[in-house]
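I have placed the structure first, in the form of structure tokens, so that the comments after it can refer back to it.
A short reminder: the numbers here are calculations on the coordinates, not readings from a lab. None of these values were measured; they are calculated from a predicted model. We place every Cβ from the backbone using ideal geometry, glycine too, and count neighbours over all the protein chains shown.
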Amino acid sequence: MGLLTGKKALIFGIANDKSIAYGIARNLKQHGAELGLSYAGSVLEKRVKPIADDLGVKFCEECDLTDDAAIETLFGKVKKDFGQFDILVHSVAFAPKEALAGRYIETARDAFLTTMNISVYTLIAVAKHAEPLMKENSSIITMTYYGGEKVVQNYNVMGVAKSALDSTVRYLAVDLGASKSIRVNAISAGPVKTLAASGVSGFRSILSVIGESAPLRRPIDIDDCGGAAVYLASDLAKNVTGEVLHVDSGFNIVGLFGVGNKAE
């Protein structure tokens with residue numbers, strides 16, 4: 001018996017088999033959860049459908065999360081073909097590439113609005129439609145990053161979006177906890193080589209810092225995030241909500257010079 005045996009999970013945001021959402025899906029499956037997947041657009045369909053087949057997923061549907069009508073249509077299919085579920089994973093974020101380099105002050109209005117819409121509002125939108133279909137004591141999990149707490153070079157508008165996402169987690173935790181005891185939490189992953197991360201200018205330098213300064217002196221991978229998601233989705237975390245769980249080898253706790261480093 002796995003920790004999630006008998007539970008159903010609906011996952012948004014798998015891009016390929018290197019994405020954090022895939023690591024989460026794989027780990028949820030290993031612990032007994034039945035999976036449903038949703039992807040954005042025909043380009044991702046070619047990548048996600050084989051993953052769905054590999055994971056034994058029967059419910060795999062397209063949905064443009066920037067389109068309210070599309071979201072409503074998707075959840076109509078969820079109600080009909082997938083049924084009530086216990087776990088919702090939101091691993092969705094986007095910022096125009098030009099907004100992830102240079103000075104934050106140069107962020108264009110359209111880039112700001114696009115980033116906030118896709119990276120933050122989509123969580124609110126899917127949570128609203130999911131609420132009637134989620135069972136009591138269910139779990140919603142989203143993906144955030146340390147760049148929402150501290151300034152990370154070139155993360156720029158995405159950092160501001162992640163800060164808003166962290167706050168959204170807390171507000172949703174109050175709303176959904178009161179209505180159906182649904183828990184809402186975020187995983188703050190350390191740098192992982194994903195399709196999304198490749199758009200951040202200087203990402204390789206960010207990745208190298210973990211090995212040099214994090215207390216555990218090692219990078220994380222998608223299965224580390226998957227393990228954290230299993231915990232948050234399971235009854236082990238039945239009284240954990242509104243939290244940001246850092247999975248970053250401890251990097252978030254260190255200061256300017258890191259652990260074991262000395263100022264000159």
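Amide hydrogen proximity for Val247: with H placed 1.01 Å from N in the peptide plane, the residues at 5 or more positions away or on another chain lying under 5 Å are Ser188, Ala189, Gly190.
Rg/Rh, computed from the Cα trace of segment 1-129 with Rh as the Kirkwood radius, has the value 1.01.
Positive contributions from Lys and Arg (+1) and negative ones from Asp and Glu (-1), summed over other residues with Cβ under 12 Å from the Cβ of Val120, come out at 0. Computed over neighbours whose Cβ is under 13 Å from that of Val151, the net charge equals +2, Lys and Arg +1, Asp and Glu -1.
With one equal scatterer per alpha carbon and no solvent term, the Debye-computed log10 I(q)/I(0) for segment 87-170 at 0.13, 0.18, 0.24 1/Å reads -0.43, -0.73, -1.11.
With Cα atoms as the point set, the radius of gyration and Dmax of the chain evaluate to 17.9, 64 Å. The long axis of helix 41-54 is offset from the longest Cα principal axis of the chain by roughly 70 degrees.
What is the sum of charges, Lys and Arg at +1 and Asp and Glu at -1, for the other residues whose Cβ falls under 14 Å from the Cβ of Arg47? Net charge in that neighbourhood comes out at -2.
Considering the zone a paramagnetic label at Thr5 would reach in this model (a point 7 Å from Cα along the Cα-to-Cβ line), which residues of segment 225-244 have amide N under 20 Å from it? Zone members listed by number: 227, 230-238. Kirkwood hydrodynamic radius of segment 26-70, from the reciprocal of the average inverse Cα-Cα distance over all distinct pairs: 11.3 Å. Rg and Dmax of segment 53-101, both derived from C-alpha coordinates alone, stand at 14.3, 44 Å.
Applying 1/(1 + (r/R0)^6) with R0 = 22 Å to the Cβ-Cβ distance of Thr73 and Asp221, what FRET efficiency is obtained, to the nearest 0.05? Approximately 0.05, to the nearest 0.05.
Placing a label point 7 Å from the Cα of Lys58 along the Cα-to-Cβ direction, the residues of segment 19-44 with a backbone N closer than 20 Å are 25-26, 28-39.
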